[in-house]
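Structure first, then comments.
The values are calculated or read from the model by the stated rules, or taken from the named source; none is laboratory data. Every value quoted in this text rests on a predicted model; they were computed, and no experiment measured them. In this analysis, Cβ positions are derived from the backbone assuming ideal geometry, glycine residues included, and neighbour counts consider all displayed protein chains.
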Amino acid sequence: MTTSSTRDRRHPGNGARSGNTATREENALKSSASTDATEHVGGPTRLPAWSALAECAARLAETRTDTLFRADPQRFERHLLRHEDILVDLSKQRIDATARDALLSLAREARVADAIEALFAGEMLNFTEGRAALHMALRGSCAIPPADAATLADSDRRMHAFARALRDGQVRGALGDPIRRVINLGIGGSDLGPRMLCQALRPAADTHAPAVDFVANIDPRELDDALAHADPRSTLFIVSSKSFTTLETLANARAARAWLHAALGEGTTLAPHFVAVSGDTQAAAQFGITRERIFTVPDWVGGRFSSWSAIGLPVLVAIGEHAFDALFAGARSMDTHFREAAPADNLPLAMALAGIWNDAFLGCESLAVLPYAHGLRALPAWLQQLEMESNGKRCRRDGQPVEANTAPIVFGHEGTVGQHAFHQLLYQGTRRIAADFIVPVGGRDERQRNLVENALAQSAALMQGLSDEGARALLREAGHSPQEVERLAPHLVCPGNLPSTTVLLPALTPRALGQLMALYEHKVFVQGWIWSIDSFDQYGVELGKRMARRIAEPGHRPSHPATAALLQAVEAMRDAN
Ligand SMILES: O=P(O)(O)OC[C@H]1O[C@H](O)[C@H](O)[C@@H](O)[C@@H]1O
């Protein structure tokens, strides 16, 4: 690692926690019985706090959050958490002081503080696969395992040098043209985070750095669309796959190779047009990628946490080292906050507890993620993988079923666009849904102000709803006859009382986005820990992959009649096409 910036990222001098920073409250999170974090195995429902929470829920069942505001003029301030410039407003959660205490007790009884320490210490919290989960080490918040340090430092140094050269127009294609377009071929964690980051952080007017596109789907249409704007002489592909076995990515990489060969000539050496990011450097080399251009991903970084590894290369190319370092610094500051803030002030902990409360006790099984920023339009998709792949599990550490719901169903869209699509269901559908509003405030441009005002109005409206009385008043004001008022009023009523959290960021900067991503990563970790599941494996996904491989085998006849019949129908359509 040659630049001070990369040195800072890996070794900022805060990898070890400063000894005197643990607060009294934080220490209070730890149970005095033992320091072995792995003792929390039996799931949350057996903990005394769970029963206390059930009592709180019964008491608050008919309570409206609005009433809680009326009863406590300080409610907003009491439920506002902040870290640096980020504000997290939890005041619209249906949580009173007693419920908040019970939630903090749940964290204490589940030994969350021990778990946080175990996470940063590199303990094997991915217990099914026998691995640590050390994405925070890649941003300098804890130590990289010594066995990997040299390899990673070398890869990081090469990657930064490569990205610098690429941005400066010094990387050339096989025929000598400077590379002007980079296409990332990857899926899941090798796509969603970097795609979101590039959309969010690349300045619209940046013509200096090469264009960066993303292709994830095996549907030929996606690669075709990307190639439609691309000149083969000046296009470079990043084959991004931690495992280097993923069907979609390898198929697209082969298609890219064929496209280059067709354009540049069969005999042309294509190595100048490819780099790889992978944990399996052997497999990447076998694909024909030059060793110097293979950047390493360690096995203790899960796909959905891997933007901090070399998987972030397209981001580095798109935004440059300065912004890339600010992104990492933001995430690092959230890591420090997560480790050091008192439980009552701890943003990831508070959001995790609100999520558990909403699902288990208020019946909100879904979480609408509503970023009010076009730059964050990919945030819901990134969070879907982070939350649902991490915590969409049903088996506890002790092999028994979890007795509560685990990950929520995450969906969402950028505001205000989603308002004109699915918010109707939030207001009047039969399901109760919780929402996270993510609002980068930005400047005073009129449309930007409108955007932010819409976010605030939506969270207020979801909480306040529209009563029968209010609906009647509206209809009367609009000049409807008494009969029409009677007929229409029930259709206008919105029950409201939906819980939401608002995260306010000053602007969509690299630092703020780093903080936001780490905030959600840690929230997901805390929830998985409390549910006593492994947030870092994804065995479920493997079943579908295995069956897809089997069905693709030449001459394979599916044993299940439904699959066999569908396959037959597919063949008939293919013949007719
Ligand atoms: O990076 P790769 O090995 O190609 O994996 C890409 C994706 O594959 C699978 O679907 C996993 O469930 C994801 O966690 C992973 O991000």
Legend entry - Of residues in the stretch 525-538 being aliphatic (A, V, I, L, M) and part of a helix (DSSP H, G or I), the one nearest to the chain's Cα centre (by Cα): 526
Inset, instruction - Kindly list, by first and then second residue, each pair from a residue in the stretch 171-200 that is touching a residue at least 60 places away in the same chain (Cβ under 8 Å) to a residue that is among the aromatic types (Phe, Trp, Tyr) and within 15 Å of the ligand (Cβ to nearest atom), limited to pairs with Cβ atoms under 7 Å and residues at least 6 apart or on different chains. - result: 183/237; 184/214; 185/237; 192/382; 193/382; 195/214; 196/382
Legend entry - So residue 373, is it buried (at least 20 other Cβ atoms within 10 Å of the Cβ) and in the same structural domain as residue 456 (by the TED database): yes
Inset, instruction - Answer with yes or no whether residue 153 is part of a helix (DSSP H, G or I), without any contact (Cβ under 8 Å) to a residue 60 or more places away in the chain and more than 16 Å from the ligand (Cβ to nearest atom). - result: no
Inset, instruction - Select from the stretch 538-566 the residues that are touching a residue at least 24 places away in the same chain (Cβ under 8 Å) and either more than 14 Å from the ligand (Cβ to nearest atom) or in contact with a helix residue (DSSP H, G or I) (Cβ under 9 Å, 6 or more places away or on another chain) (or both) and list them in ascending order. - result: 538, 540, 541, 545, 548, 549
Inset, instruction - Hey, can you tell me all the residues within the stretch 195-238 that are within 15 Å of the ligand (Cβ to nearest atom) and within 21 Å of residue 541 (Cα to Cα)? - result: 215, 216, 217, 218
Legend entry - Single condition residue 289 does not satisfy, out of (1) more than 22 Å from the chain's Cα centre (by Cα); (2) more than 16 Å from the ligand (Cβ to nearest atom): (2)
Inset, instruction - Quick one: which helices (runs of 4 or more DSSP H) lie wholly within the stretch 277-365 and hold at least 1 residues that are surrounded by fewer than 22 Cβ atoms within 10 Å (Cβ to Cβ), assigned by the TED database to the domain that holds residue 96 and hydroxyl-bearing (Ser, Thr, Tyr)? - result: 313-340
Inset, instruction - Being under 14 Å from residue 274 (Cβ atoms) and either part of a loop (DSSP other than H, G, I, E, B) or more than 16 Å from the ligand (Cβ to nearest atom) (or both) is the filter here, so list the residues in the stretch 239-254 that pass it. - result: 241, 244
Legend entry - Residue count, the stretch 372-394 (criterion: within 15 Å of the ligand (Cβ to nearest atom) and in a helix (DSSP H, G or I)): 11
Legend entry - Selection within the stretch 475-527 - more than 30 Å from residue 361 (Cβ to Cβ) and basic (Lys, Arg): 476, 487, 511
Inset, instruction - State all residues of the stretch 494-524 that are more than 16 Å from residue 88 (Cα to Cα) and in a loop (DSSP other than H, G, I, E, B); if no residue qualifies, say none. - result: 495, 496, 497, 498, 509
Legend entry - Considering residues of the stretch 207-221 that are free of Cβ contacts under 8 Å to residues at least 12 places away in the same chain and in a loop (DSSP other than H, G, I, E, B) only, the residue surrounded by the most Cβ atoms within 10 Å (Cβ to Cβ): 219
